[in-house]
Every structure is written in C-alpha cells, then in structure tokens.
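Structure, as structure tokens:
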Amino acid sequence: MTPATLFFKIVGLQHYGNHKFTHTDENKIKFKKEETNQYDSNAIKVLLEKKHVGYISKNDNKKVLNFMKIHDTYELELFVSNIHEAVFILKQI
C-alpha cells in the first residue's frame, strides 16, 4: 500500500520575519494548535526552533489536523518556499 501524503501551505511568513524555509528546517518545525485565535479556531501556529514563523493556511489546517490524528508517524518535507508562503508535504512513515 502506498503511504499517505498531504500537501499543505504555511502562510503569513512576511508577518513573522520573512523566513524562507530550507530542507535543513524540516526536522526543526513544530506545530501548535491555537484555539484562542480570534480569526480561526482551527489555527495552527508554525514554530521553528520555538520562534513563530507563520500559520498553516486556513484552507489546509483541518486536513493537517486530521492527517496527524490518523497517522501516528509522519515526516515533513519541504516542497517549495518563498518569503510569502511555503508548501510542505506530510508523509506517513
């Protein structure tokens, strides 16, 4: 069976230091659900070495949460990045 994958965007990078992700960042990224976010109760903050660098897009955050609930183990892989957004792939391992 082919492992599950999910493409998703991290947005708002220009508001949090213009970080441009590289492949060396993949193992340093953490997600934190932000239920008290006034704009989106499903907001997921993206942290890089404990520094807030953006959010998983509103279009993708529910899908990412569901993927992580269903799959106990997964890895994160950078697909593309610029100063406005980054696209990552969650892969079941």
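Residue-by-condition table, conditions (1) of a type outside the set (D, E, K, R); (2) free of Cβ contacts under 8 Å to residues at least 40 places away in the same chain; (3) assigned to a helix (DSSP H, G or I); (4) loosely packed, with under 14 Cβ neighbours inside 10 Å:
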{"position": "Ile10", "(1), (2), (3), (4)": "yes, no, no, no"}
{"position": "Lys30", "(1), (2), (3), (4)": "no, yes, no, yes"}
{"position": "Thr36", "(1), (2), (3), (4)": "yes, yes, no, yes"}
{"position": "Val46", "(1), (2), (3), (4)": "yes, yes, no, no"}
{"position": "Asn59", "(1), (2), (3), (4)": "yes, no, no, yes"}
{"position": "Phe67", "(1), (2), (3), (4)": "yes, no, yes, no"}
{"position": "Leu76", "(1), (2), (3), (4)": "yes, no, no, no"}
{"position": "Phe79", "(1), (2), (3), (4)": "yes, no, no, yes"}
{"position": "Lys91", "(1), (2), (3), (4)": "no, no, no, no"}
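The combined condition, being within 12 Å of Leu6 (Cα to Cα), modelled with pLDDT under 95 and open to solvent by less than 60 Å² (accessible area, probe 1.4 Å), is not fulfilled by His19. If I ask for residues that are closer than 18 Å to Leu6 by Cα, open to solvent by less than 40 Å² (accessible area, probe 1.4 Å) and either assigned to a strand (DSSP E or B) or of a type in the set (D, E, K, R) (or both), which ones from segment 48-57 would you list? Hit for segment 48-57 is Ile56, nothing else.
The values are calculated or read from the model by the stated rules, or taken from the named source; none is laboratory data. Here the structure is a predicted model, which means the values were calculated and not measured. When we count neighbours, we look across all protein chains shown, and the Cβ atoms used for this are built from the backbone with ideal geometry, even at glycine. Calculation scope for accessible area: heavy atoms of the full protein, side chains included, ligands and nucleic acids excluded. Shrake-Rupley method; radii C 1.70, N 1.55, O 1.52, S 1.80 Å.
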